[in-house]
There are 4 protein chains.
Amino acid sequence: MEEQLHYSIRTDLALEAQEMNVKDDPSSSDRDGVEVHENKKNDITITYVTVDEAGAERIGKKPGHYVTLESLAIRKQDKELQENLAETMSVQLRKLMEACGIKDMDRGLIVGLGNHNVTPDALGPLVTEDVYVTSHLFELHPETVAEGWRPVSAVTPGVMGVTGIETSNMVHGIIKEIKPDFVLVIDALASRSINRINATIQLSDTGIHPGSGVGNKRKEISRETYGIPVISIGVPTVVDAVTITSDTIDYVLKHFGREWREKDRPSNALSPALNPFERKTLTEEDHPDDEQSQAVMGMFGQLAAHEKKQLIKEVLTPLGHNLMVTPKEVDSFIKDMACVIAAGINGALHSGVEDGRLESY
Amino acid sequence: MEEQLHYSIRTDLALEAQEMNVKDDPSSSDRDGVEVHENKKNDITITYVTVDEAGAERIGKKPGHYVTLESLAIRKQDKELQENLAETMSVQLRKLMEACGIKDMDRGLIVGLGNHNVTPDALGPLVTEDVYVTSHLFELHPETVAEGWRPVSAVTPGVMGVTGIETSNMVHGIIKEIKPDFVLVIDALASRSINRINATIQLSDTGIHPGSGVGNKRKEISRETYGIPVISIGVPTVVDAVTITSDTIDYVLKHFGREWREKDRPSNALSPALNPFERKTLTEEDHPDDEQSQAVMGMFGQLAAHEKKQLIKEVLTPLGHNLMVTPKEVDSFIKDMACVIAAGINGALHSGVEDGRLESY
Amino acid sequence: MEEQLHYSIRTDLALEAQEMNVKDDPSSSDRDGVEVHENKKNDITITYVTVDEAGAERIGKKPGHYVTLESLAIRKQDKELQENLAETMSVQLRKLMEACGIKDMDRGLIVGLGNHNVTPDALGPLVTEDVYVTSHLFELHPETVAEGWRPVSAVTPGVMGVTGIETSNMVHGIIKEIKPDFVLVIDALASRSINRINATIQLSDTGIHPGSGVGNKRKEISRETYGIPVISIGVPTVVDAVTITSDTIDYVLKHFGREWREKDRPSNALSPALNPFERKTLTEEDHPDDEQSQAVMGMFGQLAAHEKKQLIKEVLTPLGHNLMVTPKEVDSFIKDMACVIAAGINGALHSGVEDGRLESY
Amino acid sequence: MEEQLHYSIRTDLALEAQEMNVKDDPSSSDRDGVEVHENKKNDITITYVTVDEAGAERIGKKPGHYVTLESLAIRKQDKELQENLAETMSVQLRKLMEACGIKDMDRGLIVGLGNHNVTPDALGPLVTEDVYVTSHLFELHPETVAEGWRPVSAVTPGVMGVTGIETSNMVHGIIKEIKPDFVLVIDALASRSINRINATIQLSDTGIHPGSGVGNKRKEISRETYGIPVISIGVPTVVDAVTITSDTIDYVLKHFGREWREKDRPSNALSPALNPFERKTLTEEDHPDDEQSQAVMGMFGQLAAHEKKQLIKEVLTPLGHNLMVTPKEVDSFIKDMACVIAAGINGALHSGVEDGRLESY
């Protein structure tokens, strides 16, 4: 999370990249190089996005597998939902590890990116403190290690502003010395959508660019760089004022779109348009048509999503008002999310650990 | 900050209450019962708002004196500006104390409202830890106390969600037992404007309603309740999505308004419209007229400020998206602000303490 | 824990007061006014000490009931033992509450004494954060409260060095305002024995003198002061250099005593003398006789316990070396102990809470 | 501080190693291979110990230079003394750096060993947060760097129990990647003397063995391993019960020795024997002779220092009572010490930073 957003191009979530593409250019077929499957269970929406070379170019995400878990477990501070989320994450992470060819006793290195003194950026370091670390036991007291555990180490490289060292260099030095069989990287992300803050976990086998390394192959932490599987775990924890505004305007437009249509509809039930996780099916039906948009929001309402964001950004940035913000409850949200992710990792890495057990660390 | 905002009626800042009133009802004379003076020095804007009974009814704030300091010292993380701000606060707080009839050796009680485990709400408790506390020395070792100090105690009553006790009751019990000559109350506020977050300090002699006590005379901490002067110090530290959106839309409208007018103007210099602290002079000139607003933002652009907020709120709230948010850098912002306010209080309360000295507490 | 120890007279634990008395004056019958029962279960030693007026004068503790739980659950960082300890504490606390006449729906106030910024003194404030607080729900939303819960509030008055207010005054003000039916006070104590640090919990119905209030009736928090039951929960978390040395010298003497006797004994098994929780039965058998003591430790070895302490204190104090110390692992010990005590309280106060459940707070 | 003490052999401070040797074997000439100079100024005792190959074998410390600063600035919580200490440290560190051939613009890497979640072991990580870090500015924005600064980076590798990786391996990987010109390593030490806790800073050019690497050349962080200067900065922050007892017994013996002699002496002034920093001159004069020791402490009193410690250790360890402890005020002591050391480093590394300035970080 060292860098801010670059509007017109980038999102850290493949799911969003794919949606943006479809929305802004509805004529394009969303099946060209990008496969999407969705699955719901226990209040969790799981979306599988597979991107090939063609899709990569189209949506601007690296080819590979992306699994997104969406749940309000953290924001609702609901312990039971959090256990479900950790359990589901264990299952999905295990599948992804298997798909990457990671074996039962392969040695893992967990890398918690971020700054433990900046709460919304402390997710990585907090997860690192909560995962089970066993490498030293395997090395020094192998006789004490029971069945069902694998060797795992965990590091928190810090951020460049505090260490003076580019994070990717630091991680590089550690990986070369430790020589793990695979790497898990955890990072807090900037979100492009207010409803994903602390409500989404993305697993991916495509690696990660810590901080400013974007577009610089050498700075990447990925299978290409190290020749070992690298799985990244990302959670959006902050959002900027531009995104909040743009999202809200969209909700207002949808609201008016819905109101107009409802005049002709018999049912007055709560529209699915208002459920933020019902995104895909809504686009065509609920969004007001051009004429309506113009009536409600004038020329502004007719802009495409990225144009709207670009315009808002151009207005806010010179004023110093494009703040990156995080929910007021950031302290408990981040602590709970770290707990869920650590439990998700522990369950996936060690067959001896029960899935979905949130320890009181 | 225990309660959320009530849009159509309330703001914690008299400055905002006064502006909202003028804006929404331009026909009203802003001089009826509300006097406003402004003063700038050292990058700090000081606004004095005096409200009498008539004004109180009109703008919905209690009669009394309100002094607002506006500065970007914290958000720019500029140590020197922070020292200036603390110094200015000492001067203004001392004046307000004198106006309230507080004497040199009067015994003060500092009350830090808020929750020290929720960073954006931890301002009060942090200030309480940083102020000089001397009451026990006066009582137990009076011979050790030098000239230039007065007896001061400090308490952090906590919040109802953690104590189970209404904050005003807790404070009431402590004041009745301690019997101070005057009270200073520090609280984090919800802002109605994105540009005031961690950039505004309001001093007032009208007391405070901690938490949900609004409108309930018995729950107030004020001169009326205790018969002693109560000075409140409030800082906006959070803002909600509705406000961010509404503010941003206003900036966008102003931007277009400026663009249209600039076509006819020779100068192309950075418009004062874009300086957020130049508010009052802009309203009429820079805001687009009705026709422009409609072109840019349709019917939405023509709504009055509070109508816009009300509408946005009606859309966001059922979605669970009207998050209260705080800047990503909340940890250091709150720590620095607490440091400034404690220094401001220390300088004002004790003639032996130099104004504007930020100790490393 | 605001005050340091006063050697010749005082210990906060009735158990120790009773033992000291017996040891230093073996001719006295330990049954005069002091009844002692001991009970062991699940690695926990429970000692019941009942003191009447005569005993009070003899051992210097107020008349009343004292229940001491001894366990190495915290120091061994053993989760299961910690659950046992919490469960046992719930049972014992419930009994003591019943004996005090506290009824099922009586309203409780929990007072966490201490300073949350000084880790070994942060036990009270941490417990306060971890207990279930329900008073406000009973008052504001009574319909939401299920069976099995009672109204409970919790406060952390802070310490005089930080507030400037004598702690007992602060608590007094709050109790008078809140008017609870009974009070639970939690405090960290100074220990007189190295083996009790973070290994002992004392429950008592005799109230407490926070800080320097010793001997001042008005400053006491007790049934006499308020007319309602006051139960105190104390845990030794620090020890001074004098005590460490004195204890260690005793262990060395015992060691030699054992060695001498073992020459005549067939068995070479680990002597019960070395089990620190086997105290009472050892005194006569294991301690070396006078001649042995003199040989091993010279004239020093022949001093009575309190004379030894007094002498060591006289040597160390002028050097500034009578430090109060706490185990290196203080951060996790205090956190775990707070968790156990909060669970113990929650189980005892609310019939709807299962005993011995350590929540991940 | 990952390892505990090994009594008969080791201390982390050369000063102590040298003294122990002299004391236990007074026939040896303390000038064989070990040179000692002492210097006092501003309440700070500076001791220079230079060890050559012969001395290394004799006292068990690596050949090289050791500079020890002794001051009660932290324990007295005296801001002015702390500034003096930081200033003195800057001067001494600069000298040692020059002696090592480090040049003005050489690139430094600061390594803060220890565990930021265990307060007495958090010194290294805290210093790392408080030093000025500039490497990234030199690399990315060289035009912004003023005269008087050098490139510095800083890392906190964590401890093996948390990372699963031997600390020396982690540091090794980072150094190989970053390729600094010199290294500064900060670590919290176990003390062999109660009066050195948080009162001593040792600078040395002999490198360090983090954690369990003792005696293993490959695990060392030193000039021999990396071919670049490695300067270590060590502060004793914990002590064990054995040491406290042994020290105290020594103070008691000295006390009696003094008392006996004073019977024959006219003056009754406070004996220098009681000043802990007057160590060397006392040994012969103040310590009671053998006959006195036996009278006071029996056979125990006649044991050599390391025999006494060994015996005490043998008694305490099986009881689980040889706790490592730290002063009750550990939170503020460690914070203040980190502040002093960071200021000492900042002043020494950057000619543009004034010596002895304790910033409010």
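Any read-out appearing in this document is the output of simple, stated calculations on the displayed coordinates, not a laboratory observation. Remember, predicted model here, so these are calculated numbers, not experimental data. Neighbour counts run over all protein chains shown; Cβ positions are idealised from the backbone, glycine included.
Label-point spacing at C:Glu147 relative to the other copies reads 4.5, 7.2, 8.3 nm, in ascending order, each point sitting 7 Å out from Cα along Cα→Cβ. Averaged over the residues of D:311-318, the number of partner chain Cβ atoms lying within 10 Å of the residue Cβ comes to 4. Among C:Lys309, D:Lys176, the order by Cβ neighbours within 10 angstrom, fewest to most, reads D:Lys176, C:Lys309. Within straight-line reach of D:Lys254, meaning a Cα separation under 18 Å, sit the following lysines at least 8 residues removed in sequence or on another chain: C:Lys308, C:Lys309, C:Lys313, D:Lys23, D:Lys263, D:Lys280, D:Lys308, D:Lys309. Mind checking which lysines have their C-alpha under 24 Å from C:Lys79, skipping anything on the same chain fewer than 8 residues away? Leaving aside lysines fewer than 8 places away in the same chain, those within reach of C:Lys79 are A:Lys79, A:Lys335, C:Lys40, C:Lys41, C:Lys328, C:Lys335. Taken as Cα centroids, the range D:295-338 and the range A:27-84 sit 59 Å apart, rounded to the nearest whole angstrom. Using just the C-alpha positions of the range B:76-153 as equal point scatterers, what log10 of I(q)/I(0) does the Debye formula give at each q in 0.16, 0.25 1/Å? Cα-only, vacuum Debye calculation for the range B:76-153: -0.83, -1.21.
Packing, as the average of other Cβ atoms within 10 Å across residues, places the peptides A:162-170, B:93-101, B:136-144, A:60-68 in the order A:162-170, A:60-68, B:93-101, B:136-144, highest first. Please give every one of the lysines within straight-line cross-link reach of A:Lys62, meaning a C-alpha to C-alpha distance under 17 Å, and leave out same-chain neighbours fewer than 8 residues apart. The reachable lysines, counting only those whose Cα sits under 17 Å from A:Lys62, are A:Lys217, A:Lys219. Within 10 Å of the Cβ of each residue in D:100-108, the mean number of Cβ atoms contributed by other protein chains is 0.
In order along the range C:112-120, the phi-based Karplus estimate (6.51 cos²θ - 1.76 cosθ + 1.60, θ = phi - 60°) of 3J(HN,Hα) comes to x, 6, x, 10, 6, 9, 10, 3, x Hz; Gly and Pro are listed as x.
At an R0 of 30 angstrom, the distance between the Cβ atoms of A:Gln310 and B:Asp78 translates into a FRET efficiency of 0.50. Cβ-to-Cβ counts within 10 Å put B:Glu177, D:Glu16 in ascending order as B:Glu177, D:Glu16, the fewest first. For D:Ala304, the point set 7 Å out from Cα toward Cβ sits 4.0, 8.6, 9.4 nm from its twins in the other copies, listed from shortest up.
Of all chain C residues, the closest to the C-onto-B rotation axis by Cβ, with that distance in whole Å, is C:Gly173, 2. When C:Glu147, C:Glu224 are arranged by Cβ crowding within 10 Å, least crowded first, meaning fewest neighbours, the order is C:Glu147, C:Glu224. Shortest first, C:Pro63 label-point distances to identical copies amount to 6.1, 7.8, 8.9 nm, with the label point at 7 Å from Cα along Cα→Cβ.
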